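Scroll down for the structure; my scribbles are underneath it.
Readers should treat all values here as calculations from the given coordinates under stated rules, not as data from a laboratory. Keep in mind that what you see is a predicted model, and the values were worked out from it rather than measured. So basically every Cβ, Gly included, is an ideal-geometry build from the backbone, and we count neighbours across all protein chains shown.
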Amino acid sequence: MLYREAGQFKSSYAADQQLFPILQDRVGVLLLLAVAFGVVPLVAGEYWFSAILIPFLIFSLAALGLNILTGYAGQLSLGSAAFMAVGAYAAYNFQLRVDGIPILLSFIGAGLTAAGVGIVFGLPSLWIKGFYLAVATLAAQFFIVWCLTKFPWFSNYSSSGVISAQKVVILGHTFASPREKYLLVLGIVTVLALMAKNLVRSSTGRAWMAVRDMDVAAEVIGIRLLPTKLLAFAVSSFYCGVAGALYAFCYLGSVEPDGFSLDMSFRILFMIIIGGMGSILGSFLGAAFILLLPILLDIVLPWLAGLFGLPFSNATVSHIQILVFGTLIMFFLIVEPHGLARLWQIGKEKLRLWPFPH
Amino acid sequence: MSRTIGDVILDLQNISLRFGGVKALTDISFDVREHEIRAIIGPNGAGKSSMLNVINGVYHPQEGAIIFRGEERKKMEPHRAATQGIARTFQNIALFKGMTVLDNIMTGRLTRMKANFLEHALWLGRAKREELEHRKKVEEVIDFLEIQHIRKTPVSRLPYGLQKRVELGRALAAEPSMLLLDEPMAGMNVEEKQDMCRFILDVNDQLGTTIVLIEHDMGVVMDISDRVVVLDYGKKIGDGVPDEVKNNPEVIKAYLGAGH
């Protein structure tokens with residue numbers, strides 16, 4: 001009843017092709033942004049900002065980056081964390097070595113550096129596909145981490161490659177508290193997410209999806225495969241690079257190359273598999289699922305144990321947590337292999353008819 | 001019909017194509033005239049699809065020359081063929097499964113869109129303007145093919161016959177001067193075949209598009225095509241107007257066997 005577009009007639013192509021064609025979606029997104037920008041900073045505590053919201057936004061951005069490459073352009077990659085590392089170290093070095101460079105420019109520079117590296121490691125995609133390409137991107141994962149550890153120049157000769165991010169200062173204002181950092185991250189993620197949404201509804205996005213769905217046909221209608229794939233690698237790495245810079249500057253404060261491990265790349269991959277391939281929303285849902293569920297289980301399991309008076313030790317709780325987490329992932333993949341975004345879509349389709357069955 | 005058949009626009013000379021030791025095409029020459037409907041027929045495995053793949057550059061022949069609009073080359077490249085006005089459909093539907101009908105047909109106009117990805121990301125003037133202009137063109141194609149009701153449907157949910165029609169739409173959206181159709185009516189019932197024939201004839205008649213088509217239904221081929229070329233085992237065994245080909249003893253032998 002509530003989610004029904006009956007009566008919303010489009011009388012121009014412009015109206016039909018806007019970012020959110022359905023009124024309820026427009027209102028929903030605006031409400032969500034209003035809450036995120038206006039309400040959350042007022043009510044959330046320090047723990048919420050630094051342990052939940054900021055990492056959630058940063059990983060959403062990284063997942064969004066990988067989703068552009070894997071979900072939209074169909075190129076499997078296992079190097080997302082490495083591209084984040086490039087972003088983190090690039091931003092650090094821009095701040096360190098370029099006098100008076102604005103931090104936002106450093107973040108953009110970090111994204112562009114990651115994009116450049118992404119293009120280099122995207123070159124094999126013309127000749128190899130699928131799992132074989134994934135293995136080639138695995139090379140990026142190991143090579144970049146090795147490089148950042150091996151050459152001390154990148155970390156300004158600090159021990160074991162650890163870098164401490166500089167202060168985040170914009171127009172003379174220092175973003176020091178978690179609340180301010182949250183707002184900064186939220187702003188950047190919102191802008192980049194909207195840009196991604198624009199990209200995938202344009203002919204750039206169509207070219208990516210065409211290459212993903214059937215590359216021979218894509219070539220025949222005039223899409224040149226290499227530039228299209230490389231653009232996907234570049235844009236994807238740009239997003240991961242910015243996410244990496246934010247990871248260092250607004251979340252952890254100090255990072256080391258080994259922190260951007262293969263494990264992290266896999267986590268980002270799981271986010272888009274569970275969230276939904278080829279969906280902007282799915283990147284956010286997936287990041288929320290992977291990051292927030294363990295925290296939720298952390299709280300719920302001891303509470304449940306206490307409720308039944310079971311003598312659970314902390315170790316048992318963390319084991320059960322892994323167990324439940326794994327089971328839930330399998331459950332979701334079996335019930336809806338297209339991810340949480342698809343579940344959301346099905347929900348919306350049901351809502352159009354509710355309370356009637358059909 | 002208002003159309004008049006013009007000069008030769010595509011001339012294939014002595015094309016030979018091998019895959020390793022397998023000869024797919026041997027020394028084949030034929031030409032296509034402007035505005036005509038040219039059919040390629042032959043038994044299974046005769047090399048018909050390979051022939052189309054040579055024309056738009058998916059396969060590169062080892063020998064021979066392709067002269068398209070006076071320009072001679074040893075091989076085509078797919079995206080060059082597309083920008084020069086050659087569009088095609090495939091024998092096994094090659095739509096982009098994850099996209100809607102509208103988006104699939106919009107991809108047909110990609111080569112005509114100029115805005116770059118930064119303009120797209122920011123949805124600046126030109127990106128937006130282009131999107132609307134091309135949408136208008138695409139809607140004309142949608143109207144022409146009578147698929148307005150499914151424009152927002154993902155193509156993977158459509159029945160076979162409609163998918164074939166959408167694929168034709170994607171090719172037409174490019175406003176090609178030459179259209180290569182690989183078995184556009186395979187697997188269709190009579191009604192769907194009639195619709196498809198009507199679309200092909202209309203495209204040819206109203207838009208003046210030159211059509212090269214592969215088809216197994218002899219009734220259709222003999223009815224709609226101006227000239228027919230017959231392949232068998234990668235060799236050309238007949239070429240001419242439908243009546244000529246029908247009475248060619250070699251063609252009869254290839255289709256019916258030596259005993260007849």
Pseudo-spin-label distance A:Asn156 to A:Ala51, built 7 Å along Cα→Cβ, given in nm, is 3.1
Over the protein assembly as shown, the sum of -39500 (n - 2.57) across DSSP H runs of at least four, divided by residue number and rounded to 500 deg cm²/dmol, gives at 222 nm -17000 deg cm²/dmol
Would you mind classifying chain A by shape? Square roots of the alpha carbon gyration tensor eigenvalues, ordered a ≥ b ≥ c; an a/c under 1.5 is rounded, otherwise it is prolate if a/b is larger than b/c and oblate if not.
rounded
Between B:Arg33 and A:Trp303, what is the label-point separation in nm under the 7 Å Cα-to-beta-carbon projection?
8.2
Checking A:Asp263, A:Asp16, A:Asp213 against a Gaussian network model of chain A (alpha-carbon springs below 10 Å), the top fluctuating residue turns out to be A:Asp16
Anisotropy class of the range A:149-234 from Cα gyration tensor, a/c 1.5 cut
oblate
If you take the Cα atoms of the protein assembly as shown, find Rg, then find the Kirkwood Rh from the mean of 1/r over all pairs, what is Rg/Rh?
1.05
To the nearest 20 debye, what is the magnitude of the charge dipole of chain A about its Cα centre, counting +1 on the Cβ of each Lys and Arg and -1 on the Cβ of each Asp and Glu?
560
Listed residues B:Arg157, B:Arg165, B:Arg88, most fluctuating in chain B (Gaussian network, C-alpha, under 10 Å):
B:Arg157
Per-residue Cβ counts within 10 Å, from other chains only, averaged over B:105-115: what number is that?
4
Any residue on another chain or 5+ positions along whose placed amide H is under 5 Å from the amide H of B:Glu175 is listed here as none
Would you mind working out the magnitude of the charge dipole of chain B relative to its Cα centre, with +1 at each Lys and Arg C-beta and -1 at each Asp and Glu C-beta, to the nearest 20 Debye?
980
When each of A:Lys348/B:Lys136; B:Lys137/B:Lys164; A:Lys229/B:Lys97; B:Lys48/B:Lys253; B:Lys23/B:Lys253 is checked by Cα-Cα distance, pairs over 23 Å
A:Lys348/B:Lys136
Take the Cβ-Cβ distance between A:Leu171 and B:Leu132 as r, set R0 to 56 Å, and report the resulting FRET efficiency rounded to the nearest 0.05.
0.90
Along each principal axis, Cα extent of the range B:1-143, largest first, Å
52, 42, 29
Check every DSSP H run in chain A and write down those whose alpha carbon atoms cover 27 angstrom or more along the long axis and whose mean Kyte-Doolittle hydropathy is 1.0 or greater.
A:103-122, A:130-150, A:225-246, A:280-308, A:314-335
Cα gyration tensor, the range B:172-232 - rounded (a/c under 1.5), prolate or oblate
oblate
Starting from the coordinates of the alpha-carbon atoms of the range A:32-135, obtain the Kirkwood hydrodynamic radius over all distinct pairs and give the value in Å to one decimal.
15.9
For helix B:190-202, report the angle its Cα long axis makes with the longest principal axis of the Cα atoms of chain B; keep it between 0 and 90° and round to the nearest 10°.
80
About the Cα centre, charge dipole magnitude for the protein assembly as shown (Lys/Arg +1, Asp/Glu -1 at Cβ), debye:
1200
